[in-house]
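Everything below concerns the one structure shown next.
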Amino acid sequence: QVQLVESGGGLVQPGGSLRLSCAASGFAFSSSVMSWYRQAPGRERELAAVIGLGGTTRYVDSVKGRFTISRDNAKNMLYLQMSSLKPEDTAVYYCKTLYRGNIYWGQGTQVTVSS
């Protein structure tokens, strides 16, 4: 079955960096658009970044220039490199895919940006 497992979250000071990973299995990863979403306390889940099959990327304005989404199709891995982190980046970060008409989410990884 489709599985998405995120890792790499944690507590970081403002201005710091983190790299999130998402291990994918059970579907054709290299043929799937992958995305990172995030959900801050009391707010709706929002799209942070998307990467297409050919590596084309898109970002929400609030993370442009600070976050980089990437994928390793040989390892079935999705990444989110986050730098210049701000307190407003604090959220649970989820990876997501749409496969054969169904949406799949990982369990999420907590990122807390605080001094």
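The values are calculated or read from the model by the stated rules, or taken from the named source; none is laboratory data. For clarity, every value in this text was computed on a predicted model and none was experimentally measured. Every residue, glycine among them, receives a Cβ derived from its backbone with ideal geometry; neighbour counts consider all protein chains shown. The area values use the complete protein model at the heavy-atom level, side chains included, leaving out ligands, DNA and RNA. Shrake-Rupley method; radii C 1.70, N 1.55, O 1.52, S 1.80 Å.
Considering only residues of the stretch 8-28 that are part of a strand (DSSP E or B), of a type outside the set (A, V, I, L, M, F, W, C) and open to solvent by less than 60 Å² (accessible area, probe 1.4 Å), which is farthest from residue 89 (Cα to Cα)? Checked the stretch 8-28; the qualifying residue farthest from residue 89 (Cα to Cα) is 25. Inspection of the stretch 97-110 identifies at least one residue that is closer than 28 Å to residue 1 by Cα and touching a Cys at 6+ places or on another chain (Cβ under 7 Å).
Restricting attention to the stretch 60-91, and to residues there that are of a type in the set (Asp, Glu) and over 12 Å from residue 38 (Cβ atoms), which single residue is least open to solvent (accessible area, probe 1.4 Å)? The residue in question is 72. Within the stretch 29-59, being among the hydrophobic types (A, V, I, L, M, F, W, C), closer than 19 Å to residue 82 by Cβ and surrounded by 17 or more Cβ atoms within 10 Å (Cβ to Cβ) holds for 34, 36, 48, 49, 50, 51. Count of the stretch 92-111 residues, restricted to those that are surrounded by 15 or more Cβ atoms within 10 Å (Cβ to Cβ) and under 15 Å from the mean Cα position of the chain (by Cα), is 11.
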